[in-house]
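Below you'll find the structure, written out as structure tokens, and then a few comments.
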Amino acid sequence: MQIRGLHKSKHFFFYGITYLVPALAIGSIYLQIQQFHITNVHALESFWSSSSFVIIKICLTLIVLTTINWMLEAYKWQLAVGPVKRLSLSEAARQCLVGATSSILTPAKLGDYASKPAFYAAHQRPTIVLLNGLSHFFQMLTTGIFGTVSLVVLAKHQPRILHLIDSQTALMVITSLLILFLVIVPVIKLKMKKTYLNLLELLSVTNRQLCVSLMSLSITRYLIFSLQFILLLQLLGNPLGVYWTFIISSSIYIINSMLPTPAASDSIIKGSLGVFLFGLFGVNPWIVLIATLLMWLGNHVLPAVIGSIVMMQLKPGIKE
């Protein structure tokens with residue numbers, strides 16, 4: 001597997017990056033796990049005191065649904081990039097795993113946007129970035145739809161969360177505006193003409209059927225991800241029914257998605273939100289913390305570790 005478009009003079013830098021990024025990713029994961037172990041000793045003790053049968057069921061649930069989730073992500077990327085290049089499902093999966101490694105240290109999956117274009121020829125990369133953005137847009141749209149409805153339902157049942165939502169929303173809006181003006185706007189200004197032409201090219205190759213397929217896969221991935229969280233919580237002893245568990249988890253996802261935090265700290269943010277929101281319904285905090293940790297390990301850490309191995313096997317290609 002080759003990364004395209006590198007001169008021989010840049011090979012040393014290329015190999016430095018392909019080993020440095022995985023090392024930083026794994027180091028960050030290790031620190032997060034250590035921090036969780038220090039601050040949540042009682043939760044871990046409660047988990048390990050569970051019966052072996054329950055632990056086995058939890059592990060199987062995590063592995064099976066994580067595998068399905070990431071295969072769907074690979075298939076979605078295969079469809080998204082189809083207008084530019086036909087990929088095998090295995091190659092699409094490799095690119096997604098490398099993206100997972102690159103984005104675990106960056107907010108808003110910026111690493112994913114930076115790593116995937118490297119697999120393509122220079123003239124294809126702007127279009128690849130736009131297609132990647134289109135794919136992520138439908139996933140965010142799905143999160144927004146389910147999350148907004150869930151927040152409205154939750155706020156009606158628990159008015160106390162309105163104070164949290166108001167303060168969090170203000171913080172998210174301010175942070176998003178700062179990122180917009182400090183990072184995104186200057187880049188757009190520098191490449192406005194080229195971006196505009198690439199957007200026209202994208203629209204010319206993107207058809208309605210592709211958009212429908214990407215949206216359908218985004219919804220399917222969201223439901224599988226939610227099902228995984230619900231099953232883990234139930235196996236750990238969550239007293240709530242499926243309906244309220246789904247409402248709360250969807251509320252957590254939309255709030256978390258609007259915070260510009262890297263995937264490495266995903267368990268901390270979601271764990272804190274989960275403890276608060278599930279706590280309103282009397283759910284034991286350790287159940288939420290362990291379920292959140294397991295979700296993070298399965299859906300972020302495991303793909304990032306596999307992606308690190310794939311990344312270290314990359315070879316620079318010939319400049320086109």
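So which residues in the stretch 79-127 are within 17 Å of the chain's Cα centre (by Cα) and polar (S, T, N, Q)?
Gln95, Thr101, Ser102, Ser103, Thr106, Ser115
With Leu259, Leu302 as the choices, which residue is more than 19 Å from Leu44 (Cα to Cα), aliphatic (A, V, I, L, M), assigned to a loop (DSSP other than H, G, I, E, B) and under 14 Å from the mean Cα position of the chain (by Cα)?
Of Leu259, Leu302, the one residue that is more than 19 Å from Leu44 (Cα to Cα), aliphatic (A, V, I, L, M), assigned to a loop (DSSP other than H, G, I, E, B) and under 14 Å from the mean Cα position of the chain (by Cα) is Leu259.
Mind checking which residues of the stretch 260-286 are among the hydrophobic types (A, V, I, L, M, F, W, C) and either in contact with a helix residue (DSSP H, G or I) (Cβ under 6 Å, 6 or more places away or on another chain) or crowded, with 24+ Cβ neighbours inside 10 Å (or both)?
Result: Ala263, Ala264, Ile269, Leu273, Val275, Leu277, Phe278, Trp286.
Of these, Leu294, Leu223, which one is at pLDDT 85 or above, crowded, with 21+ Cβ neighbours inside 10 Å and assigned to a helix (DSSP H, G or I)?
Only one candidate passes the filter, namely Leu294.
Looking at Ser249, is it under 19 Å from Trp286 (Cα atoms), modelled with pLDDT under 85 and in a helix (DSSP H, G or I)?
Here the answer is no, as Ser249 does not meet what is asked.
Residues in the stretch 272-313 that are touching a residue at least 24 places away in the same chain (Cβ under 8 Å) and more than 30 Å from Ala92 (Cα to Cα): how many?
Within the stretch 272-313, residues that are touching a residue at least 24 places away in the same chain (Cβ under 8 Å) and more than 30 Å from Ala92 (Cα to Cα) number 15.
Can you confirm whether Gln234 is crowded, with 17+ Cβ neighbours inside 10 Å, in a helix (DSSP H, G or I) and out of contact with any helix residue (DSSP H, G or I) (no Cβ under 7 Å at 6 or more places or on another chain)?
Yes; evaluated as a whole, the condition is true for this residue.
The values are calculated or read from the model by the stated rules, or taken from the named source; none is laboratory data. Please read these numbers as outputs of a predicted model, since none were measured by experiment. Cβ coordinates were reconstructed from backbone atoms using ideal geometry, including for glycine residues, and neighbour counts include every protein chain displayed.
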